[in-house]
1. Only Lys, Arg, Asp and Glu count, each charged at its Cβ (+1, +1, -1, -1), so figure out the dipole size of the protein assembly as shown about its Cα centre, rounded to 20 debye.
2. Taking square-rooted eigenvalues a ≥ b ≥ c of the alpha carbon gyration tensor, is the protein assembly as shown rounded, prolate or oblate, where a/c under 1.5 means rounded and, failing that, a/b exceeding b/c means prolate?
3. With +1 on each Lys and Arg Cβ and -1 on each Asp and Glu Cβ, how big is the dipole of chain C about its Cα centre, in debye rounded to the nearest 20?
4. Quickly work out the A:SER113-to-E:LEU32 label distance, labels modelled 7 Å from Cα along the C-beta direction, and quote it in nm with one decimal.
5. Of D:TYR85, D:TYR132, E:TYR3, which has the most accessible area with a 1.4 Å probe, and how do the rest follow in descending order?
6. Excluding E:GLU76 itself, calculate the net charge of residues whose Cβ lies under 14 Å from the Cβ of E:GLU76, where each Lys or Arg counts +1 and each Asp or Glu counts -1.
7. Every other copy gets compared here: list the nm distances from the F:LEU144 label point (7 Å along Cα to Cβ) to its counterparts, shortest first, one decimal.
8. Per the 1.4 Å probe, what fraction of the accessible area of the protein assembly as shown, in percent, lies on carbon and sulfur atoms?
6 protein chains.
Amino acid sequence: MIYLTKKSEFSASHRLFNPTLTDDENFNIYGLCSNKNGHGHNYSLEVTVKGEPEPETGFVIDLKKLKTIIETEIIEKVDHKHLNYDVDFLRGIIPTVENLAAMFWKALLPKLSGCQLHKIKLNETGSSWIEYFGDEFEIKKYEL
Amino acid sequence: MIYLTKKSEFSASHRLFNPTLTDDENFNIYGLCSNKNGHGHNYSLEVTVKGEPEPETGFVIDLKKLKTIIETEIIEKVDHKHLNYDVDFLRGIIPTVENLAAMFWKALLPKLSGCQLHKIKLNETGSSWIEYFGDEFEIKKYEL
Amino acid sequence: MIYLTKKSEFSASHRLFNPTLTDDENFNIYGLCSNKNGHGHNYSLEVTVKGEPEPETGFVIDLKKLKTIIETEIIEKVDHKHLNYDVDFLRGIIPTVENLAAMFWKALLPKLSGCQLHKIKLNETGSSWIEYFGDEFEIKKYEL
Amino acid sequence: MIYLTKKSEFSASHRLFNPTLTDDENFNIYGLCSNKNGHGHNYSLEVTVKGEPEPETGFVIDLKKLKTIIETEIIEKVDHKHLNYDVDFLRGIIPTVENLAAMFWKALLPKLSGCQLHKIKLNETGSSWIEYFGDEFEIKKYEL
Amino acid sequence: MIYLTKKSEFSASHRLFNPTLTDDENFNIYGLCSNKNGHGHNYSLEVTVKGEPEPETGFVIDLKKLKTIIETEIIEKVDHKHLNYDVDFLRGIIPTVENLAAMFWKALLPKLSGCQLHKIKLNETGSSWIEYFGDEFEIKKYEL
Amino acid sequence: MIYLTKKSEFSASHRLFNPTLTDDENFNIYGLCSNKNGHGHNYSLEVTVKGEPEPETGFVIDLKKLKTIIETEIIEKVDHKHLNYDVDFLRGIIPTVENLAAMFWKALLPKLSGCQLHKIKLNETGSSWIEYFGDEFEIKKYEL
């Protein structure tokens, strides 16, 4: 097995806010991230796939093909957007990096063939990030 | 003269949009940056001052003092905010990096003493940035 | 499981020196790092925890809480210090990155709740680093 | 176990090209990377070894020794070279990062003692890279 | 005046070699960079223009337009190419970063309008780079 | 004129402390940087020279020669050292980045030929740095 990672970037707004809680409760949990008009980041997204290289090509997967899938399924949908309002497959989700990573996983998984999705790493800023390996967990959907 | 630079970061949303133009005209000028719900960035702000070091300290300026001024006058006002709606001294300004740099210059200038403000460098993303040295230019204010 | 990493930085001096060996033996092992008056680094410390996101918040752990624990238990004690002389919980330890990582693990472990400590990554310079997952190993304590 | 990583860099040319295929087939697979006169990269190579620190030194392995092995076995042979023509142990191999990583693994493994080779990470550019853990796979050798 | 910089990257091979000198003389001047089969780099190219922001847009120049000019005039011609053989406007030039920067300046200058070309910065590696402001100097052309 | 920059790194300890002041006065000026046992940094040093490229070589200056001068005159003397005690040409100087840059300038200037020293940039950490262009200023020498 060889692991291949493709890094992409997108710029988006989000607001961390649970609509079933009060503004004060949201501020206690999310701090400045609960600001009503949102705030934004340059997100860094790393998608890692694994597989065995083809002897004829020496490639685990054609990097151009992987790049196209990531662009089409994720980047074009979230770049220069507000993650709470503008993205169909994120609608109603609290856009923490944890939840975003899991939703990105679900978006990519059915599009990949010839290799296995291994990890999604998502950075909001240079000083913290999450890594997700596909384990299922509960993600709540709220009415906007 | 020695030049001292302090780098800071903030995360904010913005929308590039001239309210006297149509949506189509705005899209032609600003592209995805005119998205109605905004989008966001991790901004990197570099403030450069110049001066002669004090022989007793070997410092051009106390870096902690410079950091406090930048934090108080800029970072606390723009971090985790929407630059079009949440920041008093940016109200009505189209928040391009050019305009932001000039407004940040005006905010910092009266607070500095014992050194001269030399440059403001502002990055929206890692692949483009502007540098501003204090030359006056016209900045329009629009009704929101 | 989701893995969340928080990166911090601190600046410190250290000297690599085993007091039971001669100066020549120390130089053979540690090279310039055995310099009597010490030398220093900007250390980069990455702490990774793992856990399942809470459905109500979408957070594995409140990042602000994790940051506070790392600041209080490690950064405030080692930043702008000499690691051989100024830090109680490192006293008598040869401050290699290997030993530092294991001592940092012991300092953090009892303070974390609601998630598991997974990894400590420690960089002395940008060109080499260690990763530690909590395996016990012998750390000698020497008289200063 | 502690994992120690040493990062090195080298600058080299390569051409991705399978001589049993036509130029068109090569272009379909490798795109611009099949350019006849080659192209080049600053490669970043990260070698990770694992082991238990020696109590007397606090070191998993002497980093200077590891650096010397990497320099001698890999960097001196590939730096400022054309990977298709100038490097004996790569001769006939299609120099994808996948194949390069596996060949580097074979070059390093017999030279390491007192620790285990764990991972080779190889970057051609900052936006994609592979990680290899020593699993065997078929690498074809072609006549030049 | 505001200065706007756009950073791009390209991957290319080159060989530093003066055909009027012997191989030994070339090695004395260019070292490993004179390797017959060439070697390569990920080049980082920063183009800085200056101008006064338009009050109606808040832009010195439309960054998308600047990006298109750089892509068309430079990146598409040099990316994944051998700079000694594959690029018409570099033919016969010794491809040092100094000469490349001056040739890139000549390629961009006639295409820019509404702002002035100010600087070209060119990195071969992360540890050295040149900056060029348009001063004329003699560039020799050699037969290949 | 073309400007060529060479970046180097060194790791050193220092203590910011004026021996004619009390410990409290030193703490007021230098904060944690006045810690008695010192602290340390990975310094990044950028040396910029300017000149006209030689038509026969396409080089402003042979980068290997520049690198050797910087290594010999500065890096070998300060790397893995305590800047207050271990470096002859810094003896008695308060080792702020301002004073260090001016002393490095004096060390390099007489060794360069065929080009002009233009700038020294010195980083203690990634978030602040100084740039020095050779203007004379008073640097006090104190008894240790």
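The values are calculated or read from the model by the stated rules, or taken from the named source; none is laboratory data. Because the structure is a prediction, the values reported are computed rather than measured. Note that each Cβ is placed from the backbone with ideal geometry, even for glycine, and that neighbours are counted across all protein chains shown. Side chains included, ligands, DNA and RNA excluded: accessible areas come from the protein's heavy atoms. Shrake-Rupley method; radii C 1.70, N 1.55, O 1.52, S 1.80 Å.
1. 0
2. Judged from the Cα gyration tensor, the protein assembly as shown comes out rounded (a/c under 1.5).
3. Using Cβ point charges on Lys, Arg, Asp and Glu, chain C gives about 220 debye.
4. Distance between label points: 4.3 nm.
5. D:TYR85, E:TYR3, D:TYR132
6. Every neighbour counted, the sum reads -2.
7. Counterpart label points of F:LEU144 in the remaining copies fall at 2.0, 5.6, 6.0, 6.0, 6.7 nm.
8. Whole-percent figure for carbon plus sulfur exposure: 48.
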